[in-house]
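In what follows, a structure is listed as structure tokens, so that the remarks can point back to it.
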Amino acid sequence: FPVTIWSPITIKNGSAGAVASFNRSIGVDLEGGAITIDASAVSGGGTITLTGTGALSGTITHSIGLDIENAVIKTNGGGALNMTGISGTVAPGANVGAGIYFDAGVTFFTEQGSINLNGMLQSSGGVGNSAIYSAGGTTKIYSTGSAGLADITLSGTVNTGSGTAISFGSGAPAYIGWDNATQVTAGNITIQGQDNGTNAGMNLVCIVTGK
């Protein structure tokens, strides 16, 4: 069902900690319907911060820091958007280990505020094993502001395992820095990844960075 959240917002969990055995561990789970997080009603813009960490032990098939699906997250003015997701551990051959996981279409938008996505992978064995992982659906990450203020940064780090630092290779387009229409950022765009020495690198084949 649709969910809408207004005003400046911080959603945070700590580590899910030691867990004996269960199938899914998601630090912050935003899925199940059309989700909107909107801080633009605040004068000058409200900052939105999402932080999540998956379980650090147990027999896990899905361990995700931030799971964001079918969602619009936006603010205005100088409000920033900050996301930090840290995967937990997953069993060998399991489905997904990801710091930040997108699916079913997501849009992240600011005006003069920065957008910062920081994913960390500390698991191995998953099919979708990436610090930042797009599983499907169109992704739009853009601002309309100026350089030095409305900059966009995607940073992925692999601490453990052989996964990719950042993966936008699902076949669905990812528009970074524009909305595939008229809104184009003048901010700086940085996409950086560090694998675990396995040469997995980044998979950016579906990113469309400008007109």
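Read-outs throughout are calculated quantities, based only on the coordinates presented, and are distinct from any laboratory measurement. These numbers come from a predicted model, not from an experiment. Cβ sites come from the backbone with ideal geometry, for glycine too, and all protein chains shown count toward neighbours.
Counting charges near SER87 (Lys, Arg +1; Asp, Glu -1) among other residues having Cβ under 13 Å from its Cβ returns a value of 0. Positive contributions from Lys and Arg (+1) and negative ones from Asp and Glu (-1), summed over other residues with Cβ under 12 Å from the Cβ of ILE64, come out at -4.
Could you list the square roots of 5 times each eigenvalue of the Cα gyration tensor of the stretch 141-180, that is, the equivalent ellipsoid semi-axes, sorted largest first and rounded to whole Å?
Sorted largest first and rounded, they come to 25, 16, 4 Å.
Modelled this way, with points 7 Å down the Cα-to-C-beta line, the labels at THR107 and THR160 are 3.8 nm from one another.
Averaged over residues, the count of other Cβ atoms within 10 Å places the peptides 130-140, 181-191, 150-160 in the sequence 130-140, 150-160, 181-191, highest first. In the stretch 126-191, Cα pairs under 8 Å separated by at least six residues give a relative contact order of 47 percent.
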